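Student: The structure that follows is given in the form of structure tokens.
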Amino acid sequence: MVRKPKIEPTFDYHLSSAFKDEDILALVLKGHLVIEAMLGKILEKAGFGEEIWRWPFLTKVEKSIENSPMPQWVGDICNDLNDIRNDYCHSLGHEVSFSEVYAHVQRWSSLGLEYTDETIYSDAVESEDIYGVEGILTETLSNTMDEINNVFGQIGLKETYLK
């Protein structure tokens, strides 16, 4: 995928109201940062040193799967979330559409991620009305963090990022 700008760059775009998805961008960035920190904790527990903080996100996911009981499907979801984050961070004017995130949530649920309400992935019309892009991403990030937190318990980490 080529991540080229979707709009013409202007000096004050970051200050303008033209950026419609500020809340979703913040949600994606913060969620990604928490997941990356959680993966770092897993890798530190596995015996890796400070070098992990120089690794790209995908390497952290891969090494967490290899060196902990983290399931591959959780890693796949982390990688998808990373793609969403990269689209925002490397393509000026990017917006996540409901159809895009709905396709993802159907895949994520089929991989094994549990949601509080099956409507979120089984009924597009109701999912958009009830959850929308922000709701789906919020629940997906929270549930992915919960799955990683389960790995914490399995490897003897007492810390939790879900307080």
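Student: Calculate the spin-label point distance for residue 58 paired with residue 111, positioning each point 7 Å from the Cα along the beta-carbon direction, and give it in nanometres.
Tutor: With each label placed 7 Å out from Cα toward Cβ, I get 1.4 nm.
Student: Find the Rg to Rh ratio for segment 24-163, where Rh is the Kirkwood radius over alpha-carbon pairs and Rg uses the same atoms.
Tutor: 0.97
Student: At 7 Å along the Cα-to-beta-carbon direction for both residue 103 and residue 83, put a label point, then send me their distance in nm to one decimal.
Tutor: Placing both labels 7 Å along Cα→Cβ, they lie 0.8 nm apart.
Readers should treat all values here as calculations from the given coordinates under stated rules, not as data from a laboratory. For clarity, every value in this text was computed on a predicted model and none was experimentally measured. Don't worry about glycine lacking a Cβ; one is built from the backbone with ideal geometry, like all the others, and counts go over all protein chains shown.
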